[in-house]
Every structure is written in C-alpha cells, then in structure tokens.
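Shown next, in structure tokens, is the structure this report addresses.
The values are calculated or read from the model by the stated rules, or taken from the named source; none is laboratory data. Every value quoted in this text rests on a predicted model; they were computed, and no experiment measured them. Methodologically, a virtual Cβ is constructed for each residue, glycine included, from the backbone with ideal geometry; neighbour enumeration extends over all protein chains shown.
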Amino acid sequence: MQLKKYTDYGLRVLMYLACQPAQAMTSVRVICEVFNISANHVNKVVHHLAKLELIETRRGKHGGFMLAKPVEAISLEFVVRQLEGDEEWIECHSPACVALPACTLNSIIGEGKALFYRYLSNFSLADLVTNNKAELQQIFITNTPA
C-alpha cells in the first residue's frame with residue numbers, strides 16, 4: 001500500500017506548521033519552496049486541511065495559514081483517513097471479479113486496513129515533531145527561501 005501524494009503533502013504541511021512558532025503564518029509559496037512541490041497541489045491540500053478545521057487560513061497582505069489545533073489534538077488516523085478518502089482498497093465489483101463468489105481477498109485486505117487505521121489512531125501530529133523538532137526546524141530553515 002502506498003499513500004497518495006495528496007496525503008503525503010498534507011502531512012508535510014502539518015509537520016511544517018507544527019514546527020513554526022505559535023500563531024506564525026506561512027504561505028503556499030513557502031511550503032512549495034521548502035518541499036519542492038507544485039503550488040496547485042499545495043493549494044488543494046491547504047483548502048482541504050482548512051475544511052477539516054486543522055488549519056486556519058487568513059486572506060490579505062499578512063495572510064497565510066497556521067495550525068488551528070494543538071499538535072496533540074491532530075490524530076494521524078483522522079488526517080490520513082480524510083485525505084485518502086477512505087475508499088475500498090480492493091475493488092471487486094467494477095469490473096466484477098470472476099473470483100468474487102469464493103474469494104476472501106477483500107475481507108483480508110479490509111481487516112488489514114482496519115488494523116492500519118487502528119495503529120495510526122495511537123499517534124498524533126505531536127509524535128511526528130516532538131522528539132525531532134529542533135532538527136526539523138533547522139531543515140525547514142535551510143530550505144526556506146530568503
């Protein structure tokens with residue numbers, strides 16, 4: 001299984017924001033330059049994260065976005081489930097699989113998916129940045145445009 005780039009980018013945005021000083025705003029341009037990713041992708045991810053109320057956005061000259069919740073309150077299970085879309089991992093009906101009447105693949109994969117999300121529910125954004133925050137901040141500073 002591989003997470004979508006969309007989810008990857010969403011997690012990167014959240015990690016970046018978690019390493020910023022409280023109430024510090026950042027911009028799509030900064031995220032794009034730090035991570036070397038397209039503004040089109042970042043705009044979509046930022047919009048989605050704002051709809052999920054994980055980040056707060058502000059328009060205008062001094063606008064941008066920042067975390068809307070404490071890092072401990074942002075569950076990795078919630079973020080990944082929301083950004084991935086929680087679709088079925090195995091599609092048995094479109095087109096219909098000839099093995100469907102006797103196949104157990106979908107139920108096995110479904111149980112694995114449930115275990116995956118249950119495991120992620122043990123972690124928050126804080127777990128991604130707490131023990132390595134200084135190192136991440138240095139990496140982000142090094143890659144931030146002047």
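Within the range 44-51, is even one residue within 24 Å of Thr142 (Cα to Cα) and touching a Phe, Trp or Tyr at 6+ places or on another chain (Cβ under 7 Å)?
yes
Tell me the residue from Ala50, Ala68 that is hydrophobic (A, V, I, L, M, F, W, C), modelled with pLDDT of 95 or more and surrounded by fewer than 16 Cβ atoms within 10 Å (Cβ to Cβ), please.
Ala50
Kindly indicate which of Ile141, Ile109 is surrounded by 11 or more Cβ atoms within 10 Å (Cβ to Cβ), more than 18 Å from the chain's Cα centre (by Cα) and either at pLDDT 95 or above or in a helix (DSSP H, G or I) (or both).
Ile109
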